[in-house]
Amino acid sequence: MTLGNNETTPMLPRRQSSNHWNKLKHKTMILRTLLVLGVLAGLVVGIAALQFWHPGAPSPPPFNDNDEWHQALDALAQDAKGCVDGLPRVPGEQYIDRQNRLFDTMQQEGVFAYVMEPSSTFLYYTNLTWTRTERPFLVVFTDDRQMTIITPAFEATRAKEQWIKANLPAGINPSMVEWVEHGSAFDTVRDVLKSHHSQSQAIQIEPTTRYFIAEGIRASVDHSVHIASQTLQQLRMVKTQEEIAIIQCTNRISVRAIETLQHHGIHIGMSEQMIAQRMIEALHRVGLTETWVLALVDANAAFPHGQPGKPHDVTPSSLILIDAGGKLYDYQSDVTRTFFIDPAAANHTIKAAWRSVRNAQQAVLDNIKAGDSCAHVDLTARNLISDAGWGDAFTHRLGHGIGLEMHEEPFMNQGNTNCFLKPGFTFTVEPGIYVPGEFGVRLEDIFLVNEHGSLDLLTDSLATDPWA
Ligand SMILES: *[C@@H]1O[C@H](CO)[C@@H](O)[C@H](O)[C@H]1NC(C)=O
Ligand SMILES: *[C@@H]1O[C@H](CO)[C@@H](O)[C@H](O)[C@H]1NC(C)=O
C-alpha cells in the first residue's frame, strides 16, 4: 500500500525448472497430466465429502431464538424508518448543476468531449439506468454543453423509456443517435463529434470504460483520446446536503443492523455463514438493496477482506468482525464493527489492539480539518497505531471516499499527498490491526468534512467498547 515501498516476493517456492517439462515426450506429458487431474479430482471430491460428513462431530447446537431475532428485526425496521421515511432523493435540479460543473470544467481544461459507459459517473450525470453489455451504449458530453446518447438501434425505444424514468428537468434535453447492428458504434461516435464544433481536439474517456470501447473510439476518430483528467474525475467528490443525508441514513442503519445482530442474533456455536445470512436479512429489513457482508470469527478476521479457507464457529472467547453494506437510492454504505461475544472471556492483548484502533478513529475525528492532506489523515491514525506497537499490523490505507461507489475518491492513503480535504467530502475511517493466525480488528465509520471545515460523524457514534 505504501508508495515507493513496493516489494517483489515469490508467491510459492519453485520446485522444478520449466525446462524439465519441455524435455518430456508428448505421451508422458499427457499421462502425467491425466494423473495430476485424477489426483486433483480425488482431492476435490474428498474435500467436498468432508464438508458434509463429520464423524462423531456434535450436531450444531439449536438456536431457539427465532422469536427474539424476529422481534429485534421488527424493532430495527421501525428504527430505520426514522431516517428512510420522507428521505428525499437527489432533486432533479442538481443534475443540471452537475452537468454545468462538468461543462465548465471541460471548457477550462480544453476538453472537447467526455465519453462514458454506464457507470457510477454516468449515473451521476444522467440518472439513467442501463446495464453494460457487449454492445456499446454511450453518453457523450460535448463542450457546446450538449448531451448525446448513443444507443444500439434496436434498443432505442427502451433507451427512450429509461430516459423518461430518469425524470430529469426539461433543461436537460439530450439527443439520441442510433447505431445499427451491422454498423459501428465507434464510427457513430466519430459522426456525432463531427456534428459538434469545437476549437479543442481533446477527447477524454471515463476511466472505467472498457478497453475495447476506448480503443475503438481512438481508432475511429481524428482526435486525441485520453483518460479523463483528475479534475474531471474528481467532480463527484464534494457532496450536496441531499447526498449527505442519504449517505448518512444508509450507513447509520447499517451500523444499527450490525448492533441488532450483535445483541440479538449471535450465539456460541454459530457459523460465520449463519452470521452472514442474518446480517443480510437485517440489511434487507432496513430497506437496503445489493447488500453484502463479511462475517469473520477469530483468526479469519486477520484477512482484511475475508478468506475462502476454513470457516470458524463462535466460541465463548470469540472476537467477531462484521463488515457490511448495501445501497439506498443508489448511495452505498460500508461499515465495520469488531466485538467480543463475552466481555468476561475477552483476551487482554486483543482488547488493547481494539482500543488502539478506536483511538486512531478518535484522533482523526478530533484533529483533522478541511485543507489537511489525505496523506495526513491516514498518518494521523497510523501514527497512533504505530506508537501502540501495532504499526506493521495495520496493512491497508485508512479509508476511502464513499458515495455512488463504495470505494471512490478521495483515498486516505499516506501516499496521497496531493489530495486535500474540502467541505462536502464523505469518507470512511477504518483503521485495522491484523495478526495472521491470531485475530483481526477493524472499526469503520463514515466521516464528513462539514461546512465549518471540521469533521462530523455520519454514523451515529463510534463504537464505545469491544462488546457494547
Ligand atoms: C432518478 O431515477 C430514479 C429511477 O431509477 C427515480 O426514482 C428518481 O426519481 C430519479 N431522480 C429524479 C431527480 O427524478
Ligand atoms: C491473547 O491473544 C494473543 C494474541 O492473539 C495471544 O498471543 C495470547 O496468547 C492470548 N492470551 C490468552 C490468555 O489466551
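When the residues of the stretch 324-352 are narrowed to those that are under 12 Å from Trp292 (Cβ atoms) and small (Gly, Ala, Ser), which ends up farthest from ligand 1 (Cβ to nearest atom)?
Ala324
May I ask you to verify whether Gln162 is open to solvent by 90 Å² or more (accessible area, probe 1.4 Å) and on the phi < 0 side of the Ramachandran plot? Steps first, answer last, please.
On the way: open to solvent by 90 Å² or more (accessible area, probe 1.4 Å): no; on the phi < 0 side of the Ramachandran plot: yes.
No: the conditions fail for Gln162.
Quickly run through the stretch 416-466 and pick out the residues that are within 16 Å of ligand 2 (Cβ to nearest atom) and either open to solvent by less than 20 Å² (accessible area, probe 1.4 Å) or not assigned by the TED database to the domain that holds Phe339 (or both). Write out each step before concluding.
To start, the set of residues in the stretch 416-466 that are within 16 Å of ligand 2 (Cβ to nearest atom) comprises 432-442, 466.
If the condition is that a residue be within 16 Å of ligand 2 (Cβ to nearest atom) and either open to solvent by less than 20 Å² (accessible area, probe 1.4 Å) or not assigned by the TED database to the domain that holds Phe339 (or both), then Gly432, Ile433, Tyr434, Phe439, Gly440, Val441, Arg442, Pro466 are the ones that fit.
Which one of these does Ser317 not meet: (1) in contact with a helix residue (DSSP H, G or I) (Cβ under 9 Å, 6 or more places away or on another chain); (2) under 24 Å from Val429 (Cα atoms); (3) surrounded by fewer than 20 Cβ atoms within 10 Å (Cβ to Cβ)?
Every condition holds for Ser317 apart from (2).
Taking the residues in the stretch 112-129 that are within 16 Å of Ala214 (Cα to Cα) and among the hydrophobic types (A, V, I, L, M, F, W, C) as candidates, determine which candidate is farthest from ligand 1 (Cβ to nearest atom).
Applying the filter and picking the extreme gives Phe112.
For the stretch 382-389, indicate whether the set of residues that are at pLDDT 95 or above and part of a loop (DSSP other than H, G, I, E, B) is non-empty.
Residues of the stretch 382-389 that are at pLDDT 95 or above, as a first pass: 382-389.
Then keep just the ones that are part of a loop (DSSP other than H, G, I, E, B); that gives 388-389.
Yes, that holds for at least one residue.
Output the helices (runs of 4 or more DSSP H) that fall wholly within the stretch 212-325 and possess 2 or more residues being in contact with a strand residue (DSSP E or B) (Cβ under 8 Å, 6 or more places away or on another chain), of a type in the set (Gly, Ala, Ser) and farther than 30 Å from Lys194 by Cβ, or say none.
On the way: elements: 230-233, 241-264, 272-285.
The qualifying helices (runs of 4 or more DSSP H) are 241-264.
Residue under question is Ile320, and the condition is that it be under 16 Å from the mean Cα position of the chain (by Cα) and either in the same structural domain as His396 (by the TED database) or farther than 30 Å from Asp97 by Cα (or both); does it hold?
Here the answer is no, as Ile320 does not meet what is asked.
Does the stretch 327-334 include one or more residues that are in a helix (DSSP H, G or I) and away from ligand 2 (no atom under 16 Å from the Cβ)? Spell out how you get there, then give the answer.
Filtering the stretch 327-334 for residues in a helix (DSSP H, G or I) gives none.
Checked the stretch 327-334: no residue is in a helix (DSSP H, G or I) and away from ligand 2 (no atom under 16 Å from the Cβ).
Within the stretch 75-101, can you find the residues that are under 22 Å from His284 (Cα atoms), in contact (Cβ under 8 Å) with a residue 60 or more places away in the chain and part of a helix (DSSP H, G or I)?
Those that are under 22 Å from His284 (Cα atoms), in contact (Cβ under 8 Å) with a residue 60 or more places away in the chain and part of a helix (DSSP H, G or I): Ala75, Leu76, Ala77, Asp79, Ala80, Cys83, Val84.
Give me a count of the residues in the stretch 335-355 that are open to solvent by 10 Å² or more (accessible area, probe 1.4 Å) and part of a helix (DSSP H, G or I).
Looking only at that region, the number is 9.
Considering only residues that are touching a residue at least 60 places away in the same chain (Cβ under 8 Å) and among the acidic types (Asp, Glu), which ones fall in the stretch 285-312? Outline the logic, then answer.
Of the stretch 285-312, the ones touching a residue at least 60 places away in the same chain (Cβ under 8 Å) are 285-287, 296, 298-304.
Passing the criteria: only Asp298.
Can you work out which of the residues in the stretch 380-393 that are surrounded by fewer than 16 Cβ atoms within 10 Å (Cβ to Cβ) and at negative phi is nearest to ligand 1 (Cβ to nearest atom)? If you could, list the steps in order and put the result at the bottom.
Initially, the stretch 380-393 is screened for residues surrounded by fewer than 16 Cβ atoms within 10 Å (Cβ to Cβ), giving 383, 387, 389, 391-392.
Subsequent filtering for residues that are at negative phi retains 383, 387, 391-392.
Working: Asn383: 43, Asp387: 47, Gly391: 45, Asp392: 46 Å.
The selected residue is Asn383.
The values are calculated or read from the model by the stated rules, or taken from the named source; none is laboratory data. The model shown is predicted, which means the values in this text are computed figures rather than measured ones. Heads up, the Cβs are rebuilt from the backbone with ideal geometry, glycines too, and the neighbour counts pull from every protein chain shown. Each accessible area value is taken on the protein alone, full model and side chains, heavy atoms only, with ligands, DNA and RNA left out. Shrake-Rupley method; radii C 1.70, N 1.55, O 1.52, S 1.80 Å.
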